[in-house]
Amino acid sequence: MYSDKVMDHFQNPRNVGEIQNASGVGTVGNAKCGDIMRIYFDIDDNQIIKDVKFKTFGCGAAVATSSMATELVKGKSVQEALEITNKAVMEALDGLPPVKVHCSLLAEEAIHAALWDYAEKNGIKIEGLKKPKSDIGEEEIEEDY
Ligand code: FES
């Protein structure tokens, strides 16, 4: 049911932990399944994500997608990080079963929430970034899948 990559990132998640005095922290959850994901960014003066950590209290797919999402954003600019979608995270993991798509949305939204926090703390505007939701509802994922 799960790809080898999903299993690998679930069993050996990358970038687990937290960052003290993080440049931005984003926490999102899904009220339906009760899973919660938090992402921490360390962003330098050139708006490059130097380090990223996450903590996920959730299912295996949520752990795997947050692990892969942190790998994808590391070393990227905030603008590039904003463009990483849940689809990109799923592709990087060689896919997820349809019932687990919402887990990858949690990762995308956690990135946005951390970027939003960073922008607010620094009084800057990130082009194209909308105020993130803290609860990812099921209804938002139906159109694409
Ligand atoms: Fe909800 Fe995976 S079951 S995040």
Rounded, prolate or oblate: which fits region 64-145 when a ≥ b ≥ c are the square roots of the eigenvalues of the alpha-carbon gyration tensor, with rounded for a/c under 1.5 and prolate only if a/b beats b/c? oblate
I'd like the carbon and sulfur percentage of the solvent accessible area for region 69-142, probe radius 1.4 Å, heavy atoms only, ligands and nucleic acids excluded. 50 percent
Evaluate the relative contact order of the chain (contact order divided by residue number), counting alpha-carbon pairs under 8 angstrom at least 6 apart; express in whole percent. 29 percent
Going by the alpha-carbon gyration tensor, a ≥ b ≥ c the square roots of its eigenvalues, is region 1-78 rounded (a/c under 1.5) or, if a/c is not under 1.5, prolate (a/b greater than b/c) versus oblate? oblate
Kyte-Doolittle mean at least -0.5, axial Cα span of 18 Å or more - DSSP H helices of the chain: 60-73, 101-122
Checking the table Lys5/Lys87; Lys32/Lys53; Lys87/Lys133; Lys87/Lys130; Lys74/Lys131; Lys5/Lys131 against a 20 Å threshold on Cα-Cα, which pairs fail? Lys32/Lys53; Lys74/Lys131; Lys5/Lys131
What does the C-alpha gyration tensor say about the overall shape of the chain? Classify as rounded when a/c is under 1.5, otherwise prolate if a/b is larger than b/c, or oblate. prolate
Separation in nanometres of the label points that stand 7 Å from Cα toward Cβ, at Thr85 and Gln11: 3.2 nm
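The values are calculated or read from the model by the stated rules, or taken from the named source; none is laboratory data. Worth saying up front: this structure is predicted, and the values here are computed from it rather than measured. Backbone-built Cβ (ideal geometry, glycine too); neighbour counts: all protein chains shown. The area values use the complete protein model at the heavy-atom level, side chains included, leaving out ligands, DNA and RNA. Shrake-Rupley method; radii C 1.70, N 1.55, O 1.52, S 1.80 Å.
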